Amino acid sequence: MLAVPAALTGAFALLPLVYLVIRALERGPAFAWGVVSADRTAGLLGNSLRLTVVVVVATWVLGVSLAWLTERTALPAARLWAVLATLPLAVPSYVMSFSWLSAFPGISGFTGAAVALSLACFPYVYLPVAAVLRGADPALEEAARSLGHGPWRTFRSVTLPQLRPAAVGGGLLVALYVMSDFGAVSLMRYDTFTRAIHTSYRASFDRTPAAALGCVLVLITVALVVAERRTRGRARYDRTGRGSARPAQRMPLGRAARTAALGWSAAVALAAVAFPVGTLCYWIAVGNSATWAPGPLWEAAVATVGVAAAGAVVTVLLAVPVAVLSVRHRGPLARTLEHASFAGHALPGITVALAFVFLAVRYAEPLYQQWPLLVLAYAALFLPLALTGVRAALLQAPESLEEAARSLGRGPFATLREVTLPLAAPGIAAGAALTFVVIMKELPATLLLRPTGMDTLATRLWTHTDNFAFAAAAPYALTLVLIAAVPSYLLGRHRP
């Protein structure tokens with residue numbers, strides 16, 4: 001029942017890879033190998049991996065620390081800080097880069113790209129870690145403390161193992177985002193695989209070099225997914241029952257610790273939310289070219305919300321069978337399909353878009369330049385976001401409840417509908433909201449696949465930015481941030 005739809009999802013996610021292989025081998029394996037083995041490719045690989053490692057470590061520090069402060073300490077106004085920690089999801093990486101670059105021109109290059117991507121991506125770690133801290137059984141930590149373990153030893157031996165799947169899964173999403181990001185590295189003028197692929201596509205009609213570089217990105221993606229799965233192991237993270245039906249006792253903070261915690265939370269919120277929004281407001285206020293034309297702005301906003309909602313629904317529907325199979329029926333098939341589902345997320349949006357153009361023109365011409373093709377491209381790009389959310393919820397859902405339902409005569413489909421999916425509902429909702437926000441910000445695929453005459457907020461923003469009309473771009477950027485802030489706010493405010 002699960003294998004067939006999961007296999008269809010895996011095959012769908014591999015479509016961009018099929019295109020890459022066809023393009024990469026178009027001029028023969030020797031030419032492709034020459035591109036991959038060139039010295040410049042080694043330099044791009046080093047740049048990409050260095051940026052990825054730094055951003056992942058930074059997002060772990062930011063995400064885990066803020067999740068711990070807002071969920072397990074007596075931090076004043078914890079709910080407010082929890083909401084502010086999710087709002088950077090609403091800020092596209094290219095908007096984050098532009099705001100910092102316009103204020104500090106000397107920050108361009110590796111430092112600027114690392115700062116912008118870290119501030120834009122740390123909610124991918126914060127959200128799953130905070131969810132685990134909210135749902136974890138406090139009795140386990142209390143038992144450790146009663147056995148003589150101090151706070152740090154309890155955190156290291158009891159709490160941290162429960163956080164590991166969420167933190168590593170969030171880190172995987174951050175790594176894939178960094179490997180595929182174009183806006184931030186382009187504005188900061190830092191050479192990575194993605195920027196080199198875009199340059200190759202724009203500089204020549206020969207797309208073989210870009211396809212060969214894209215294949216390298218796929219191999220890196222496979223390595224990252226395998227590494228993440230190995231860290232997950234075969235441990236179980238669910239309760240046998242509801243456990244202690246009460247929240248964990250919050251750790252009191254002394255005056256110095258409270259001041260430090262508030263200062264840290266405020267500094268992150270200022271850098272990741274207040275500063276980019278303030279920059280946009282500044283450009284609107286002082287720029288002569290800023291125009292709040294309500295007609296084009298409204299049309300772009302409606303189109304953005306429509307395609308993002310459709311993309312989120314399709315992506316979640318594709319992700320559910322793969323997530324259930326990977327958590328409840330571990331084996332070679334589940335492992336292969338899970339790895340296949342991550343293939344598109346590490347590829348630049350332009351590569352995935354060109355793959356769907358290639359397939360539509362050759363095999364499904366009526367879909368060319370129609371919104372369903374754009375929605376399918378979104379699903380291929382962002383399938384791991386929904387998959388990670390559903391999987392994290394299932395890892396904490398007790399499998400014994402499903403076994404009890406089967407023992408009472410429920411069939412596989414009834415058990416899935418009545419037990420498994422309700423248990424995974426919070427993860428499904430979180431995955432859908434996260435996917436909706438990220439789709440709103442997607443730029444390269446939207447530029448290439450949108451129907452004729454349709455513009456989204458991201459495409460209007462990029463058009464003005466590309467012409468250096470920053471003040472004219474500011475209204476579209478601010479509207480994009482405000483709309484995306486709604487689901488980001490709901491993600492941060494959802495508390496038991």
Is it true that VAL320 is under 20 Å from ASP455 (Cα atoms) and open to solvent by 10 Å² or more (accessible area, probe 1.4 Å)?
no
Counting only residues in segment 385-410 that are modelled with pLDDT under 75 and either of a type in the set (Val, Ile, Thr) or outside any helix (DSSP H, G or I) (or both), the one farthest from ALA319 (Cα to Cα) is identified as PRO398
Count, please, the residues in segment 113-128 that happen to be over 14 Å from TYR190 (Cβ atoms) and in a helix (DSSP H, G or I).
9
Pairs with Cβ under 7 Å, 6+ apart, first in segment 118-130 and more than 19 Å from ARG250 (Cα to Cα) and among the small types (Gly, Ala, Ser), second at pLDDT 90 or above and open to solvent by 10 Å² or more (accessible area, probe 1.4 Å):
SER118/ALA58; SER118/LEU62
Looking at (1) touching a residue at least 12 places away in the same chain (Cβ under 8 Å); (2) farther than 21 Å from LEU14 by Cβ; (3) open to solvent by 20 Å² or more (accessible area, probe 1.4 Å), which is the one condition that is false for LEU394?
(3)
Restricting to segment 338-363, give me the number of residues that are within 27 Å of LEU2 (Cα to Cα), part of a helix (DSSP H, G or I) and within 19 Å of the chain's Cα centre (by Cα).
8
Regarding PHE155, is this residue under 25 Å from PRO487 (Cα atoms) and at pLDDT below 85?
no
Taking the condition of being part of a helix (DSSP H, G or I) and of a type in the set (D, E, K, R), how many residues in segment 6-65 meet it?
4
Checked against (1) under 19 Å from LYS441 (Cα atoms); (2) at pLDDT 90 or above, LEU297 satisfies every condition except (2)
Near pairs, Cβ below 6 angstrom, 6+ apart or cross-chain, from segment 463-485 (outside any helix (DSSP H, G or I)) to any residue that is at pLDDT below 75:
ALA469/SER289
Given the condition open to solvent by 40 Å² or more (accessible area, probe 1.4 Å) and either assigned to a helix (DSSP H, G or I) or closer than 18 Å to ALA223 by Cβ (or both), answer yes or no: does some residue in segment 86-99 qualify?
no
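Residue-wise test of (1) modelled with pLDDT under 80; (2) in contact with a His (Cβ under 7 Å, 6 or more places away or on another chain); (3) among the hydroxyl-bearing types (Ser, Thr, Tyr); (4) open to solvent by 40 Å² or more (accessible area, probe 1.4 Å).
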site	(1), (2), (3), (4)
VAL4	no, no, no, yes
GLY10	no, no, no, no
PRO16	no, no, no, no
VAL21	no, no, no, yes
LEU25	no, no, no, yes
PRO29	no, no, no, yes
ALA32	yes, no, no, no
VAL36	yes, no, no, yes
LEU44	no, no, no, no
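Condition check ((1) buried (at least 23 other Cβ atoms within 10 Å of the Cβ); (2) modelled with pLDDT of 85 or more; (3) within 21 Å of ASP191 (Cβ to Cβ)) across all residues:
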| residue | (1), (2), (3) |
| --- | --- |
| VAL55 | yes, yes, yes |
| VAL64 | no, yes, no |
| ALA67 | yes, yes, no |
| ALA78 | no, yes, no |
| THR111 | no, yes, yes |
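The values are calculated or read from the model by the stated rules, or taken from the named source; none is laboratory data. Everything quoted here is computed from the prediction, not taken from an experiment. With ideal geometry, Cβ positions are generated from the backbone for all residues, glycine too; neighbour counts draw on all protein chains shown. Quick note on the areas: whole protein, heavy atoms, side chains included, nothing else; ligands and nucleic acids left out. Shrake-Rupley method; radii C 1.70, N 1.55, O 1.52, S 1.80 Å.
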